[in-house]
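Here is the structure we will look at.
The values are calculated or read from the model by the stated rules, or taken from the named source; none is laboratory data. A quick note: this is a predicted structure, and the numbers were derived from the prediction, not measured. Cβ sites come from the backbone with ideal geometry, for glycine too, and all protein chains shown count toward neighbours. These area figures cover heavy atoms from the full protein model, side chains too; ligands, DNA and RNA do not enter into them. Shrake-Rupley method; radii C 1.70, N 1.55, O 1.52, S 1.80 Å.
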Amino acid sequence: MTDSTSTDVAASPDELPLSDDDREAFEAVLTGRAPGPLAVVGAPFAGRERLLDHAEERLDATRIRLAPGDDAGSIDDAIGETPVVVDDCHHLYRRAIGGFDSLEAFLGRVVGADAPVVTGWNRYAWAYLSAVKALDRAFPARVDVGPETAERLAELLLSRYDELPSFVDEKAEQSGAVAVRRFEFGWGDRSFSVPIPVPTFLAASRTGARPDPKDVVFERLAAVSGGNVGVATALWERGLDDVVRPSDVGATGTDLSFDREEAFCLRIVLSKERVERAELAAVVDADLDRVLPRFVREGVVTVSDGVVALDPAAVPTAATATERRRFQ
């Protein structure tokens, strides 16, 4: 099986999973029928960039991509009389005393801008900042990047290949009727698994027909990834072979349990996607020397040049573990 293009699975904006209301709000800002600034909010790797790419082209805007450690000073001069598109705005805050100064300076510039400003935000960071800093009030327009369907994931992923893999069924008891996700509860390392039904398999079982293995694979992929195209891509590529079975689909670290310190550290990484090790050390303190090596060993994160990056395949595990702890 050969890959005919790059690993990017970007789709045109019209094909993105937006609600009708969000699509209208997005177009209204780009055409000047509604005031900005606009916030594009999505889960890690869910495809915010595709909307921002479209906004950049339509507005002929200046494009700024923030990175870990950047502050408002790096973009202050760009905001004003010409359109601007700013990626990864969640890098503008830290969970520390004085950690919101850069964010507040940025919002002050955005609110007073004469030209459209389109911004991209990690969904978990957005929820936290809306709770502690009323971030949502600064944006009269917001759109949420939603999940892709199983059919759409299949289209996006398989269109990249000249030769497709073989999709193979399994024994009935291993047929992929469910996708299993693990949830933590209580204290310590207790956890339990929850089966997520796969619609294609269940529908076929009622009629006595065997489902198409390809359909089951992508139903499982959609269930495990939550329809997140970046996560689905990582899961697909991790288990990619000439022969693909439904049981090949699974998230990184589903059998892991995290103590409170580990889960809080993971929540910060989930909210930032990429974060400086020094920023984590300021929050987790000396325990980071215990926590971070474990994350690396388990494939949850990678570390390079002092930056900790979340692995896309670990997003479902990170979200489940940290939301169970009720971290913002």
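Out of all the residues in the stretch 67-83, which are farther than 24 Å from Arg277 by Cβ and open to solvent by less than 40 Å² (accessible area, probe 1.4 Å)?
Ala78, Ile79, Gly80, Pro83
Would you check which residues across the stretch 135-162 are open to solvent by 30 Å² or more (accessible area, probe 1.4 Å) and either more than 22 Å from the chain's Cα centre (by Cα) or within 26 Å of Thr31 (Cα to Cα) (or both) and list them?
Asp136, Arg137, Pro140, Arg142, Asp144, Pro147, Asp162
Of all the residues that make up the stretch 70-110, how many are assigned to a loop (DSSP other than H, G, I, E, B) and either at pLDDT 90 or above or over 25 Å from the mean Cα position of the chain (by Cα) (or both)?
Summing the residues that are assigned to a loop (DSSP other than H, G, I, E, B) and either at pLDDT 90 or above or over 25 Å from the mean Cα position of the chain (by Cα) (or both) in the stretch 70-110 gives 13.
Taking the stated definitions as given, is Ile64 open to solvent by less than 60 Å² (accessible area, probe 1.4 Å) and on the phi < 0 side of the Ramachandran plot?
yes
How do the helices (runs of 4 or more DSSP H) wholly within the stretch 222-323 filter down when requiring 2 or more residues that are of a type in the set (Lys, Arg): which remain?
Correct list: 260-272, 288-297.
For the stretch 19-35, check the following and say yes or no: at least one residue is crowded, with 20+ Cβ neighbours inside 10 Å and in a loop (DSSP other than H, G, I, E, B).
No, the stretch 19-35 contains no residue that is crowded, with 20+ Cβ neighbours inside 10 Å and in a loop (DSSP other than H, G, I, E, B).
Considering only residues that are over 21 Å from Gly47 (Cα atoms) and open to solvent by less than 30 Å² (accessible area, probe 1.4 Å), which ones fall in the stretch 108-129?
Once the filter is applied, which keeps residues that are over 21 Å from Gly47 (Cα atoms) and open to solvent by less than 30 Å² (accessible area, probe 1.4 Å), the stretch 108-129 yields Val110, Ala113, Ala115.
Here are some conditions: (1) open to solvent by less than 10 Å² (accessible area, probe 1.4 Å); (2) farther than 21 Å from Pro68 by Cα. Phe295 meets all but one. Which one does it not meet?
Only one criterion is unmet by Phe295, namely (2).
Residues of the stretch 36-55 being open to solvent by 30 Å² or more (accessible area, probe 1.4 Å), assigned to a helix (DSSP H, G or I) and touching a residue at least 60 places away in the same chain (Cβ under 8 Å), which ones?
Across the stretch 36-55, the qualifying residue is only Glu49.
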